[in-house]
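Structure, as structure tokens:
The values are calculated or read from the model by the stated rules, or taken from the named source; none is laboratory data. Note that the structure is a prediction, hence the values are computed from the model and not measured. Reconstructed Cβ throughout: ideal geometry from the backbone, glycine too, with neighbour counts over all protein chains shown.
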């Protein structure tokens, strides 16, 4: 009896001490971790919009730039249209760009990305899948430059169907179709679905987005 | 629960554990190296060694965790009730692992993303638990810390060697500095992938065995592992 009591007391004290230590560490480190996550988002946004920025800048510095509205050249703005997060930027060569956040289920986990369109809100400037847990070497290749490059200059509004279709490798024709990845049919189908969904929403809100973006 | 006479004679005799400390250090680093001799901790040794930098950070994590957990488990060795000793060990180990992971996330975000779940998986690393069970529970704190650090360094050393070989052959770089110019060297993709890790680790263990067999090292006990 005395023995079990000692065991219970020991376990309780150990548990409380360990938990307290971790809670304290979490409390101290949380601001840094949140800054990292926020800065990561801006790195993705700048990357897809082609905004020049120092890739090696520390998270805190990058955030300070963004908060002071002094993001690399002060021209990226963030708006929300009908629940869609949109980042606009005046690109020196490509003109006005709109980066729209999209998300959807992947094969193994959620996929999140940014679809970046030119000023006509139809032609693709760039695309990024910054969060994904697809099969390494197969589905995960959607994050690679080869697959992403296939979207460049395609159009999301063609032949009344809307969106860009990811076809069997080699089967893509026309400017609203791209080749998929061999061995990653399931991932490609999911990507197809989420790009079509975001394209449809962009079409529906076209006027509002152009207005919000201040298409001057 | 008392100290094993063989295990800590020198330590109690006085001094700063000269004899015992040194042999403990040597045992962890070489004669009983956790990876090449005991074949423990292989999972992470294969998974995070595609670049030297990753291997070094992972090694540092293990040195920190084995050192700290051995210290605290040794300090508590007479207080831990036998029935729940393993749970107590895991709680202590997990605390330090999560601490390291949190610091990494706050101050070394890119590395934290690269290492992904492997830092957290140190909790289940056989080396840490093994040293706690086999050493820290029977020995006083100072020599336990030496044992923890030695085993951590033994692990880190092997990881660094594998990481260096794989990065050199797979990317042609060491710590991201170009060593083999791509003008004449074609990076060998297989070294970055899992098979490359198996090949390098296998050759390394064979080399260790050959050297130890040559020396007729009596305290090298090859054992099956995880």
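Pull up segment A:73-88, narrow it to residues that are assigned to a loop (DSSP other than H, G, I, E, B) and surrounded by fewer than 18 Cβ atoms within 10 Å (Cβ to Cβ), then point me to the one that is modelled with the lowest pLDDT.
A:73
All but one of (1) surrounded by 15 or more Cβ atoms within 10 Å (Cβ to Cβ); (2) closer than 17 Å to residue A:133 by Cα hold for residue A:189, so report the exception by its number.
Checking residue A:189 against (1) surrounded by 15 or more Cβ atoms within 10 Å (Cβ to Cβ); (2) closer than 17 Å to residue A:133 by Cα, the one that fails is (1).
Can you name the residue in segment A:4-32 that is at the interface with another protein chain (Cβ under 7 Å from one of its Cβ atoms) and farther than 16 Å from residue B:76 by Cβ and is also surrounded by the fewest Cβ atoms within 10 Å (Cβ to Cβ) among such residues?
Of everything passing the filter in segment A:4-32, A:26 is surrounded by the fewest Cβ atoms within 10 Å (Cβ to Cβ).
Taking the options B:69, B:112, name whichever one is modelled with pLDDT of 95 or more, within 12 Å of chain A (Cβ to nearest Cβ) and either touching a helix residue (DSSP H, G or I) at 6+ places or on another chain (Cβ under 9 Å) or surrounded by 21 or more Cβ atoms within 10 Å (Cβ to Cβ) (or both).
B:69
Is it true that some residue in segment B:194-210 is in a strand (DSSP E or B), at pLDDT 90 or above and surrounded by 13 or more Cβ atoms within 10 Å (Cβ to Cβ)?
Within segment B:194-210, not a single residue is in a strand (DSSP E or B), at pLDDT 90 or above and surrounded by 13 or more Cβ atoms within 10 Å (Cβ to Cβ).
Checking residue A:178 against (1) over 17 Å from residue A:48 (Cα atoms); (2) touching a residue at least 12 places away in the same chain (Cβ under 8 Å); (3) not in a strand (DSSP E or B): exactly one of these is not met. Which one?
Among (1) over 17 Å from residue A:48 (Cα atoms); (2) touching a residue at least 12 places away in the same chain (Cβ under 8 Å); (3) not in a strand (DSSP E or B), residue A:178 violates only (3).
Inspect segment B:124-137 for any residue being touching a residue at least 40 places away in the same chain (Cβ under 8 Å), over 26 Å from residue A:25 (Cα atoms), in a loop (DSSP other than H, G, I, E, B) and more than 14 Å from chain A (Cβ to nearest Cβ) and give the result as yes or no.
Yes, because at least one residue in segment B:124-137 is touching a residue at least 40 places away in the same chain (Cβ under 8 Å), over 26 Å from residue A:25 (Cα atoms), in a loop (DSSP other than H, G, I, E, B) and more than 14 Å from chain A (Cβ to nearest Cβ).
Quick one: which of A:51, A:124, A:45 is more than 14 Å from chain B (Cβ to nearest Cβ), within 30 Å of residue A:208 (Cα to Cα), part of a loop (DSSP other than H, G, I, E, B) and within 16 Å of the chain's Cα centre (by Cα)?
Selected residue: A:51, the only one of A:51, A:124, A:45 that is more than 14 Å from chain B (Cβ to nearest Cβ), within 30 Å of residue A:208 (Cα to Cα), part of a loop (DSSP other than H, G, I, E, B) and within 16 Å of the chain's Cα centre (by Cα).
Against the definition (in contact (Cβ under 8 Å) with a residue 60 or more places away in the chain, within 14 Å of another protein chain (Cβ to nearest Cβ) and part of a helix (DSSP H, G or I)), how does residue B:64 come out, yes or no?
yes
Could you look through segment B:83-107, keep only residues that are in contact (Cβ under 8 Å) with a residue 40 or more places away in the chain and farther than 30 Å from residue A:31 by Cβ, and pick out the one that is farthest from the other protein chains (Cβ to nearest Cβ)?
B:86
Of the numbered conditions (1) within 14 Å of chain B (Cβ to nearest Cβ); (2) without any contact (Cβ under 8 Å) to a residue 24 or more places away in the chain, residue A:38 satisfies every one except a single condition; which is it?
The single condition residue A:38 does not satisfy is (2).
Which condition number does residue B:121 fail, the rest of (1) within 14 Å of another protein chain (Cβ to nearest Cβ); (2) assigned to a helix (DSSP H, G or I); (3) closer than 19 Å to residue A:18 by Cβ being met?
(1)
Report, by residue number, each residue of segment A:132-158 that is surrounded by 16 or more Cβ atoms within 10 Å (Cβ to Cβ) and in contact with a strand residue (DSSP E or B) (Cβ under 7 Å, 6 or more places away or on another chain).
Within segment A:132-158, A:132, A:142, A:143, A:148, A:150, A:151, A:154, A:155, A:156 meet the criteria.
Answer yes or no: is there a residue in segment A:89-106 that is within 15 Å of the chain's Cα centre (by Cα), closer than 30 Å to residue B:192 by Cβ and assigned to a loop (DSSP other than H, G, I, E, B).
yes
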